[in-house]
Amino acid sequence: MSWQRSRGPARPTMQSLVDEELHLTLACYRCDRELRVTPWTAVEMFGERCTMIAAKRRMKCSWCGERQQVEARPCTLDMDAKRVVESARRLVQMWPTDEKAKATLVDAEARWEARKPKPGEE
């Protein structure tokens, strides 16, 4: 799933976070705090069909209680790690006998495995 469309920003649902194995980052601009939430927690809080935009309207910061200043977005570090794995896979497909490409893929998959959310993770 792409997080951007050619005609404007995408509206990913909470279920798509589970499918893409990405955390959700909540940032409060009033108290300047960030919290990573697992996709399963987000689905429990807002339902699987809830979009990021709708979740932003319903959410409030657990520290300061402010409702309008909370931003929800997929975790950029997770997205970057996943992109590295996808590009390493393409490289191995193009050069299947290249040992350096295979080593890069193994390293990228290990880093992604450490980053991606596990079921039931808090």
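Some points to look at:
- Pairing each residue of segment 72-84 that is within 10 Å of residue 112 (Cα to Cα) and basic (Lys, Arg) with any residue that is in a helix (DSSP H, G or I) and modelled with pLDDT under 85, provided the two are 6+ apart or on different chains, yields no C-beta distance under 7 Å.
- Some residue of segment 61-80 being aliphatic (A, V, I, L, M), assigned to a helix (DSSP H, G or I) and at pLDDT 80 or above: yes
- Of the listed requirements (1) of a type in the set (Val, Ile, Thr); (2) within 30 Å of residue 111 (Cβ to Cβ); (3) without any contact (Cβ under 8 Å) to a residue 60 or more places away in the chain, residue 53 misses just one: (2).
- Unmet requirement for residue 65, which otherwise passes all of (1) assigned by TED's automatic domain parsing to the domain that holds residue 21; (2) surrounded by 12 or more Cβ atoms within 10 Å (Cβ to Cβ); (3) free of Cβ contacts under 8 Å to residues at least 12 places away in the same chain: (2)
The values are calculated or read from the model by the stated rules, or taken from the named source; none is laboratory data. If you're wondering where the values come from, they're calculated on a predicted model, not measured in any experiment. Cβ: placed from backbone, ideal geometry, glycine included. Neighbour counts: every protein chain shown.
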